[in-house]
Amino acid sequence: MPEPTATPPRTIAAVDLGSNSFHLIVAQIENGQLQVIDRLKEMVRLGAGLDNKKRLSQQAQERALDCLSRFGQLLGDLPQNAVRAVGTNTLRQIRDGGAFLKKAEKALNHPIEIIAGHEEARLVYLGVAHGLAGDREKRLVVDIGGGSTELIIGAGMETLHRESLFMGCVSFSQRFFPQQKITRRLMDAAVIAGRLEVRPVQTVYESGNWELAVGSSGTIRSIRDVVRAQGWADKGITRKSLKKLRKALVDAGTADKLVLEGLSENRRPVFAGGVAVLSAVFKALDIEQMLVSNLALREGLLFELLGSIQHHDVRERTVDTLVQRYGLDQGQGRRVSETALLLLDQVAKSWKLNNPELRSLLHWSALLHEIGVAISHGGYHKHGAYILANADLAGFSRQSQGTLAMLVRAHRRKFPLSQFNELGKELREPAKRLAILLRLSVLLHRGRSPQRKPRLGIMAEKNNIILSFPAGWLEEHPLTTAELEHEAKYLDSAGFFLSYS
């Protein structure tokens, strides 16, 4: 896909907005390798501020925004293509119409992606895998966050299975250990609840399906530090050391009476919930010993950002896989893409579509616009949108996946104007304009001919679009002229005005 050239950044940064902690990591690129130069972590406990109506308390918002403002100051003048910030479980749950996300992006001064649990799992594995030997043994990676736990089986740099479970150190601490009280009954109930959460995927992830178990995240590292300090385990975490740790928590009775070497004051309020979750995973998957990695989601973000700078975008591979899996006509997809990008080049400035991300989304939507035919030809644009909105698309954030699905939904027939409101406010207008370019490109290739179309001109200003064809071309192609007439009516009903000559 043709792309505008840009000077690659030498300093990059990743921001991980977890349910318990926010992390910032900054690295320099030296000879194609990453050299970490700064790290910052703050216990924000975002998940603890979420009520049963999925609204975030004012106090939690203030803690988060204060932290992001400090992160933003440290990021200084780094360009947007040098920073990747993602939100996980709690940000996935907030129901406020995007109000908090908008404030968070303003505080950080960079866009924030909300990623799905499967995508979080993939990035966690990518980070952990870079810290392990490069052989092909199968590894189980477990990452316990504030509100979710990710399970991944992979080999080398590739994931084989990914799952995100709705349990974490914050959510389980709130649910089973209110007022910081810890009893044997509560601990047993928490572990059983965790095992029930794992049960639907137990046969995929249990021992026998992998050769090495590795844990990541602050929760697991804290558990490792405590059991090592007590002399209960020499290397990583063992099943016996976890049993001794659970007994120590119950003996303490309350979190504020926990006196364990290796346990930080900040970790104390959510430690019992994290121990319960890890114990459930150990029991359900029959783990005897787990090594612990110091790399996690944020390092995965950095390595992926480095890959995109070096022109290895995992999303390209994801789209290629979909094209193959659904048996799409690759020639037709390429033709539609080429025309769409030629149109984009002519209106990028007037329609404010210069962002390379928008260019990529238009390209991918062209390649995938017929994916819904795999379900039914009738209404295939709707079927395609459903597939893309709900599939596990590696590398795509929720926002970009939703935009991709919307472009495919809007590429033919009635223009679904009201459905664009489902996108974030900053994406609505660009997405409408990209959809129009895709619609016109599909229309021009309706005959599916491999012959190159004549170079046409396009001008666009606000809601007015003017197409210009070579002299006499429309007269020689009456079917295209008729289709343009229909398209003008579809666009007119959406407030856009198409003329052509």
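Scanning the stretch 26-47 for residues that are loosely packed, with under 12 Cβ neighbours inside 10 Å and either at pLDDT below 90 or among the charged types (D, E, K, R) (or both) yields Glu30, Asn31, Gly32, Gln33, Arg39. With respect to the conditions (1) in contact (Cβ under 8 Å) with a residue 12 or more places away in the chain; (2) more than 18 Å from the chain's Cα centre (by Cα); (3) not in a strand (DSSP E or B), Gly154 lacks only one, and its number is (3). Within the option set Val214, Val198, Val204, being within 18 Å of Ala121 (Cα to Cα), of a type in the set (Val, Ile, Thr), loosely packed, with under 15 Cβ neighbours inside 10 Å and in contact (Cβ under 8 Å) with a residue 40 or more places away in the chain holds for one residue only, Val204.
Could you list all residues from the stretch 206-246 that are small (Gly, Ala, Ser) and under 32 Å from the mean Cα position of the chain (by Cα)? Matches in the stretch 206-246: Ser207, Gly208, Ala213, Gly215, Ser216, Ser217, Gly218, Ser222, Gly236.
Out of contact with any His (no Cβ under 6 Å at 6 or more places or on another chain) and of a type in the set (A, V, I, L, M): is that true of Val250 in this structure? When the stated conditions are applied, Val250 passes them. Across the stretch 164-191, the qualifying residues are those that are within 29 Å of the chain's Cα centre (by Cα) and not in a helix (DSSP H, G or I), and the one among them that is nearest to Met43 (Cα to Cα) is Gly168.
Residue by residue, here is whether (1) in a helix (DSSP H, G or I); (2) assigned by TED's automatic domain parsing to the domain that holds Ser173; (3) surrounded by fewer than 18 Cβ atoms within 10 Å (Cβ to Cβ); (4) aliphatic (A, V, I, L, M) holds:
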{"residue": "Ile223", "(1), (2), (3), (4)": "yes, yes, no, yes"}
{"residue": "Val227", "(1), (2), (3), (4)": "yes, yes, no, yes"}
{"residue": "Lys243", "(1), (2), (3), (4)": "yes, yes, yes, no"}
{"residue": "Glu261", "(1), (2), (3), (4)": "no, yes, yes, no"}
{"residue": "Asn266", "(1), (2), (3), (4)": "no, yes, yes, no"}
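Within the stretch 154-169, the residues that satisfy the criterion of being in contact with an Asp or Glu (Cβ under 9 Å, 6 or more places away or on another chain) and under 20 Å from Gly208 (Cα atoms) are Ala155, Gly156, Arg162, Glu163. Just one of the listed residues (Arg398, Arg439, Arg428) is assigned by TED's automatic domain parsing to the domain that holds Leu343 and in contact with a His (Cβ under 7 Å, 6 or more places away or on another chain), and it is Arg439. With respect to Val124, is the statement that it is β-branched (Val, Ile, Thr), under 25 Å from Ile237 (Cα atoms), assigned by TED's automatic domain parsing to the domain that holds Val198 and not in a loop (DSSP other than H, G, I, E, B) true? No. If you go through the stretch 425-481 and pick out every residue that is among the aromatic types (Phe, Trp, Tyr) and surrounded by 17 or more Cβ atoms within 10 Å (Cβ to Cβ), you end up with 1. When the residues of the stretch 392-424 are filtered to those that are in a loop (DSSP other than H, G, I, E, B) and without any contact (Cβ under 8 Å) to a residue 60 or more places away in the chain, the one that is surrounded by the fewest Cβ atoms within 10 Å (Cβ to Cβ) is Pro416.
Yes or no, residue by residue, for (1) at pLDDT 95 or above; (2) out of contact with any helix residue (DSSP H, G or I) (no Cβ under 8 Å at 6 or more places or on another chain); (3) in a helix (DSSP H, G or I); (4) surrounded by fewer than 21 Cβ atoms within 10 Å (Cβ to Cβ):
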| site | (1), (2), (3), (4) |
| --- | --- |
| Leu343 | yes, no, yes, no |
| Gln346 | yes, yes, yes, yes |
| Ser350 | yes, yes, no, yes |
| Leu353 | yes, no, no, yes |
| Glu357 | no, no, yes, yes |
| His363 | yes, no, yes, no |
| Ala366 | yes, no, yes, no |
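Considering Leu65, Leu50, the condition of being more than 20 Å from Leu423 (Cβ to Cβ) and modelled with pLDDT of 95 or more is satisfied by Leu65 alone.
The values are calculated or read from the model by the stated rules, or taken from the named source; none is laboratory data. From a predicted model like this one, the values you see are computed outputs, not experimental measurements. Ideal geometry is used to build each Cβ from the backbone, glycine not excepted, and the neighbour counts take in all protein chains shown.
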